[in-house]
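The values are calculated or read from the model by the stated rules, or taken from the named source; none is laboratory data. This structure is a prediction, so every number in the text was calculated from the model and none was measured. Heads up, the Cβs are rebuilt from the backbone with ideal geometry, glycines too, and the neighbour counts pull from every protein chain shown. Heavy atoms of the whole protein, side chains included, go into the accessibility calculation; ligands, DNA and RNA do not. Shrake-Rupley method; radii C 1.70, N 1.55, O 1.52, S 1.80 Å.
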Amino acid sequence: MGTPRVLFAGGGTAGHLNPALAILEIIKEHNPDAEFCFAGTPDSLEERLVKQAGYRFEVIKVKGFQRKLSVQNLKKNLKAASYLITAGHRAKQILLDFKPTLVIGTGGYVSGPVVRKAAQMKIPTAIHEQNAFPGVTTKLLAPHVNRIMLTVGAAAKYLKPDIQYVITGLPVRGAFSKTNQQAAKQKLGFSPDEICVLSTGGSLGAGRINETIVDLIGWYKEQNLPVNHIHSYGGM
């Protein structure tokens, strides 16, 4: 059968990228010789994190269209349109160069042209949807891919009735299962009996979540509660 070669397409937020990295780890566990490549936008979160992880990264320029009418958004949409014109050609270049045996899209605008072109070229394709409400890219790709993976079954009601899918849950990075609570506290410099809270969520760090956590930390102080709260938020 040969060495598996898997191309991932997804990004824009960690919510699209981390599931891709988690799926990669699962594939690698079963196929240690597998080769991997990621397609993503330049100067992006996915480019930085994929390269840090030591995997091949190929750039493709893709942007989403803005729905709200304004002069600024008109300029953005013109740029998005120019990228859309070249995205198919660039996707084909990446596919012909890497020669994947499987292409997996995990969401974000970048997964659209790559997965669609792979399907047109008869390369096996799959997409994973993390949200209960599928994104536009997932809805557009669903009729064309070989396999659709959903985190929750509720997402299926937003897809066409004849779409076949499998519920996989949300893939999680293996590092979360390679330690225990006490070892993690020790590494962070916390005593074993201290309370530690980790919060994260939202696309690139949702503002409302950030504001709520700030209020919560203020409440800890008011109540004199010894809580170590670690909050993950998006770039500024």
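From largest accessible area down, sort Ile127, Ile217; use a 1.4 Å probe on the protein chains. Walk me through the numbers before you get to the answer.
Details: Ile127 5, Ile217 60 Å².
Listed by decreasing accessible area, they come as Ile217, Ile127.
Counting pairs on different chains as well as pairs 8 or more places apart, how many Lys pairs in the stretch 131-231 have Cα atoms under 28 Å apart? Intermediate values should be presented prior to the final figure.
Details: Lys139/Lys157; Lys139/Lys160; Lys178/Lys187; Lys185/Lys221; Lys187/Lys221.
So the count works out to 5.
Against the longest principal axis of the chain, how steep is helix 207-223, in degrees 0 to 90 to the nearest 10, with axes from Cα atoms?
Here the helix axis deviates by roughly 10 degrees.
Build a GNM of the chain with springs between Cα atoms under 10 Å: which of Lys178, Lys61, Lys92 gets the top mean-square fluctuation?
Lys178
Ignoring ligands, DNA and RNA, what accessible area per residue does the stretch 129-185 give at 1.4 Å, in Å²? Mind showing how you got there, number by number?
On the way: 3740 Å² over 57 residues.
Here the residues of the stretch 129-185 average 66 Å² of exposed surface.
Please check: in the Gaussian network model of the chain (C-alpha springs, under 10 Å), which one of Arg208, Arg48, Arg56 has the largest mean-square fluctuation.
Arg208
Is the stretch 51-201 best put as rounded, prolate or oblate by its Cα gyration tensor, with a ≥ b ≥ c the root eigenvalues, rounded for a/c under 1.5, and otherwise prolate when a/b is larger than b/c, oblate when not? If you can, show how the numbers build up before the last one.
Values: a/c = 1.75, a/b = 1.60, b/c = 1.09.
In terms of gyration-tensor shape, prolate.
What net charge is computed for the residues neighbouring Glu129, neighbours being all others with C-beta under 12 Å from the C-beta of Glu129, Lys and Arg scored +1, Asp and Glu -1? The partial results should precede the final answer.
Values: positive: Lys139, Arg147; negative: none.
So the surrounding residues net to +2.
Which angle between 0 and 90 degrees, to the nearest 10, do you get for helix 71-98 versus the longest principal axis of the chain when only C-alpha atoms count?
Tilt of helix 71-98: around 70 degrees.
Determine the distance separating the Cα centre of the stretch 121-177 from the Cα centre of the stretch 2-25; give it in Å without decimals.
13
Indicate the gyration tensor shape class of the stretch 163-236 (rounded, prolate or oblate), computed on the Cα atoms with a ≥ b ≥ c the square roots of the eigenvalues: a/c under 1.5 is rounded; otherwise a/b larger than b/c is prolate and the rest oblate. Intermediate results must be reported in sequence, preceding the final value.
Details: a/c = 2.62, a/b = 1.31, b/c = 2.00.
Oblate, since a/c reaches 1.5 and b/c is not below a/b.
Could you look at the chain and say what percent of its accessible area is carbon and sulfur, using a 1.4 Å probe and all protein chains?
Numbers: 8230 of 14540 Å².
Carbon-and-sulfur percentage of accessible area, whole number: 57.
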